[in-house]
Amino acid sequence: MNTYQPIDCDLHDHLEIACLYSWVLKIELDDGKVITAKSITTLTRPDDGEFLILDDDGERVSIRLDYIHAITHLDKNKPAHRIVFK
């Protein structure tokens, strides 16, 4: 595993808001993988970095924040909004 590289505070804020409202996110990872799941919370692991915790049909999934390329908010009440992290 690579050394964790903190993400920009503004991008972290977008994730916190998504978790606050339990938005469904389409998450594009650096390796090309795409995950669509409900955002739950963020978590800091002192030796590993920061993670986004998701609910994927009842299964908890954690994604290290610096592996995220982009997210798209899929909230039913708002138009899809894509945010590119890098």
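I'd like the full set of residues that are at negative phi and among the charged types (D, E, K, R), limited to region 38-58. Can you show your working first?
Step one: filter region 38-58 for residues at negative phi, giving 38-48, 50-56.
LYS38, ARG45, ASP47, ASP48, GLU50, ASP55, ASP56 - these are the residues of region 38-58 that are at negative phi and among the charged types (D, E, K, R).
Residues of region 57-75 being in contact (Cβ under 8 Å) with a residue 24 or more places away in the chain and within 15 Å of SER39 (Cα to Cα), which ones?
Of everything in region 57-75, those that are in contact (Cβ under 8 Å) with a residue 24 or more places away in the chain and within 15 Å of SER39 (Cα to Cα) turn out to be VAL61, ILE63, ARG64, LEU65, ILE68, ALA70, ILE71, THR72, HIS73, LEU74, ASP75.
In region 19-48, what count of residues is obtained for those that are in contact with a Leu (Cβ under 9 Å, 6 or more places away or on another chain) and either modelled with pLDDT of 95 or more or β-branched (Val, Ile, Thr) (or both)? I'd like the intermediate steps shown before the answer.
Going through region 19-48, the residues in contact with a Leu (Cβ under 9 Å, 6 or more places away or on another chain) turn out to be 19, 23-27, 35-43.
Narrowing the set further to residues that are either modelled with pLDDT of 95 or more or β-branched (Val, Ile, Thr) (or both) leaves 19, 24-27, 35-43.
Of the residues in region 19-48, 14 are in contact with a Leu (Cβ under 9 Å, 6 or more places away or on another chain) and either modelled with pLDDT of 95 or more or β-branched (Val, Ile, Thr) (or both).
Being of a type outside the set (A, V, I, L, M, F, W, C), surrounded by 10 or more Cβ atoms within 10 Å (Cβ to Cβ) and outside any strand (DSSP E or B) is the filter here; which residues of region 71-86 pass it? Give the steps one after another, and end with the answer.
Within region 71-86, the subset of a type outside the set (A, V, I, L, M, F, W, C) is 72-73, 75-79, 81-82, 86.
From the residues that got through so far, the ones that are surrounded by 10 or more Cβ atoms within 10 Å (Cβ to Cβ) too are 72-73, 75, 78, 81-82, 86.
Within region 71-86, ASP75, LYS78, LYS86 meet the criteria.
So in region 43-52, with the set limited to residues that are free of Cβ contacts under 8 Å to residues at least 40 places away in the same chain and surrounded by 16 or more Cβ atoms within 10 Å (Cβ to Cβ), which one is farthest from LEU20 (Cα to Cα)? It would help to see each step written out before you state the result.
Kept after step one, since they are free of Cβ contacts under 8 Å to residues at least 40 places away in the same chain, are these residues of region 43-52: 43-47, 51-52.
When the remaining residues are screened for being surrounded by 16 or more Cβ atoms within 10 Å (Cβ to Cβ), the result is 51-52.
Working: PHE51: 15, LEU52: 12 Å.
Looking at residues that are free of Cβ contacts under 8 Å to residues at least 40 places away in the same chain and surrounded by 16 or more Cβ atoms within 10 Å (Cβ to Cβ), I get PHE51.
Kindly evaluate ILE40 against the criterion of being farther than 17 Å from ILE7 by Cα, crowded, with 16+ Cβ neighbours inside 10 Å and not charged (D, E, K, R).
Working: farther than 17 Å from ILE7 by Cα: yes; crowded, with 16+ Cβ neighbours inside 10 Å: yes; not charged (D, E, K, R): yes.
Yes; evaluated as a whole, the condition is true for this residue.
The values are calculated or read from the model by the stated rules, or taken from the named source; none is laboratory data. Quick caveat: nothing in here was measured; it's all calculated off a predicted structure. Cβ coordinates were reconstructed from backbone atoms using ideal geometry, including for glycine residues, and neighbour counts include every protein chain displayed.
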